Structure formats: C-alpha cells, structure tokens
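First the structure, in the form of structure tokens, and then the observations on it.
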C-alpha cells in the first residue's frame, strides 16, 4: 500500500447495507442512521438490483458520507462506485484486480476484500489493498457454504497482513467485545447494524 493515509485505520465499526435486507426506499435513511450512530464506513451491497437503482441510492448515500465525514464503499460494482463518487469498492474473488480498480477509480480509492482462509489472507498480503475482512467468525446466513472460522482465525489473519483487519460473520452486540480482544481492528456487521449505537458504545 502507498504512503497515503488509509481511512480504514479509523474505523471500529463497518456496516454492510444489504439491499436484500433493507427495502430500496429505506436504504438512504438507513445509511443516515448508521453514519450518525458511529459507523466509520458503510458498504452498499445490492447484488441483484439493476445498476441504475443502485446508482440512485449510492449518489444520495455518498452525499451523506461526505456530510458526516465517513466512507462509502460499493460491493462488487466499480462502475457504480465511479459514477456515484463513492470512496471505493469491496471486491470479490471473481472481480477485476485491485490494480485495475485503482486505475478506474483513482489511486486514492479504497479497496478491500474478505478472506475466508489463510491461503487467501497470504495472497491478500501481497496486494495493495486497504483492509481485509476476516471470517465468517461465527455462523451467518450470508455464508451458508462456509463453516465458522472462530476468533482464532482473526488472530491468524492479523499476523499475515499489514492492513486493518475487520472481523465479519455473525458479529453481534453480545460477542463484539470478545472479537475485538482477538486483535481485530474493528468489526463488520450486517444484521446487527440495527444495534450500531450500542456496539459503538461497547467497543469504544
């Protein structure tokens, strides 16, 4: 990673705003709640929505992110990130390379990814990414095909990469503090985003 300041270093709570959990008309207001509650970053994830609908929401959420001094990331869709002015992208294993994303979005864009194995973590350590999500730590309906890795997995990933590590997968109010004690730089939540205020109080 370059010497530029990494915004991920300031996140303790990172929330995923999932279009299959939150109705399209409520995405913007939910993002506002998350930013005001203390989430350092919001990832807009709308896997099955057409680009024009994602872009419409992303533009409005980008304005909120700028207002509150927070970060907006787009899941898998660098085209939407570019058109909306979002801060960056959370990439998947099948997406374009980090180098290609930075060429498209600019050198200051934020690029991160999730790793589900130590092999993937080692590979991520050689990429110019800004953060890593490590998990699933606990069971989650979003990753039914992956067995829970446990808290120790976060510790192992932390040793392999030099960028901030966010524990992801089944993170809730009741386990967030223990996860942070594993050495994670922060936690990433989807279903527990409704508890954002309480999580921030607990882990700050």
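The values are calculated or read from the model by the stated rules, or taken from the named source; none is laboratory data. Just so it is clear, the model here is predicted, and its values are computed rather than measured. So basically every Cβ, Gly included, is an ideal-geometry build from the backbone, and we count neighbours across all protein chains shown.
The set of residues from region 105-138 being closer than 23 Å to residue 12 by Cβ and assigned to a loop (DSSP other than H, G, I, E, B) comprises 108, 109, 116, 129, 130, 135, 136, 137, 138. For region 182-204, filtered to residues that are outside any helix (DSSP H, G or I) and free of Cβ contacts under 8 Å to residues at least 60 places away in the same chain, the residue that is farthest from residue 125 (Cα to Cα) is 182. Close Cβ contacts (under 8 Å, 6 or more residues apart or on different chains) running from residues in region 140-165 that are at positive phi and touching a residue at least 12 places away in the same chain (Cβ under 8 Å) to residues that are in a loop (DSSP other than H, G, I, E, B) and buried (at least 19 other Cβ atoms within 10 Å of the Cβ) comprise 150/137. Taken residue by residue, region 101-116 has no member that is within 16 Å of residue 76 (Cα to Cα), exposed (fewer than 14 other Cβ atoms within 10 Å of the Cβ), modelled with pLDDT under 95 and within 18 Å of the chain's Cα centre (by Cα). For residues in region 143-181 being in a helix (DSSP H, G or I) and in contact with a strand residue (DSSP E or B) (Cβ under 8 Å, 6 or more places away or on another chain), which is nearest to residue 6 (Cα to Cα)? Step by step, filter region 143-181, then rank; the result is 158. Candidates 86, 134, 123: the one that is free of Cβ contacts under 8 Å to residues at least 12 places away in the same chain and surrounded by 13 or more Cβ atoms within 10 Å (Cβ to Cβ) is 123. Determine whether region 31-40 contains at least one residue that is within 17 Å of residue 92 (Cβ to Cβ), out of contact with any strand residue (DSSP E or B) (no Cβ under 8 Å at 6 or more places or on another chain) and surrounded by fewer than 20 Cβ atoms within 10 Å (Cβ to Cβ). There is no residue in region 31-40 that is within 17 Å of residue 92 (Cβ to Cβ), out of contact with any strand residue (DSSP E or B) (no Cβ under 8 Å at 6 or more places or on another chain) and surrounded by fewer than 20 Cβ atoms within 10 Å (Cβ to Cβ).
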